[in-house]
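Just so it is clear, none of the values below were taken in a lab; they were calculated from the coordinates. This structure is a prediction, so every number in the text was calculated from the model and none was measured. Here the Cβ positions follow ideal geometry from the backbone for every residue, glycine too, while neighbour counts run over all protein chains shown.
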Amino acid sequence: MHPGLRSWRDEVAATLVRLLAYLGGIAALSILAANLFGAPEVIAAGEPAPRPDWIEVERPHPAFALSIPEAADAASGYAIRRHPAGGGRKDILSLGQAQGTGPYLWVEIYRPGRETEKFGEAATELAARAGDLGPADAVRSDEPVDSKFGPLTVVKFTTARETGRSCLGFVRAFDDPRLQISGWFCQAGENFVERSTLTCALDRLTLLAAGSDPKVGVLFAQAELARNFCGHRSTLLAPTPKHRALWTAIDRKLRGRAEP
């Protein structure tokens, strides 16, 4: 064999030996470092964390209003929740405190998207939403109540958290537009809010903006034509009359004060 070829072969072999020794040294140092400092956790690539069913809008622009002058001093809230996958929307209005001693009115206007094909039964719908109140008994059905939105399916339940409350729940669903109005009116004690008081409260629920769904505007316009103004039919005499037991009188009863 030519001496040049033999020299080249010897150099390649030597280089391979040095490379293997170098790689072996790196592997040994890696094992030593892992033993000294602990091996880093390996996070397997998997499915992304599931998104919540409903996402609350940070700066909600109200589409509905619940004007009750008697409750001007009560805490009020407005929230909008969106379904990230289906596109549904829930507008939630509240007056009073969920765990307080005064009256508490909670109204949800639900405009579903692709996340649901149909609304559930009234008792099931309200039981699913009333969890934060801590229902002490089963939601039980009562006789329907007439309102400007048509007949309301009504249920009753009591709560046990802090001050016991008696709550009158309600549900009204529409097919065109697909929309559901639901909620409850609670007061402390064993007596439920009067049915006429519930009707009067929902008499004050109005639309501010229909957005991209004109059918919602038509629905609320028709509801205004059926409005009885808490027992006063004339819009000229009493466009927003006070109802003696709508809010202030209930609160005064709870405080042990006589009605005016």
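Summary of values
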| item | result |
| --- | --- |
| Sites Ala72 and Val218, calculated FRET efficiency, Cβ-Cβ separation with R0 45 Å, nearest 0.05 | 0.90 |
| Gain in span if fully extended, Thr101 to Arg59, counting 0.36 nm per residue against the direct Cα distance | 12.2 nm |
| Prolate/oblate/rounded call for the range 65-140, Cα gyration tensor, a/c under 1.5 rounded | oblate |
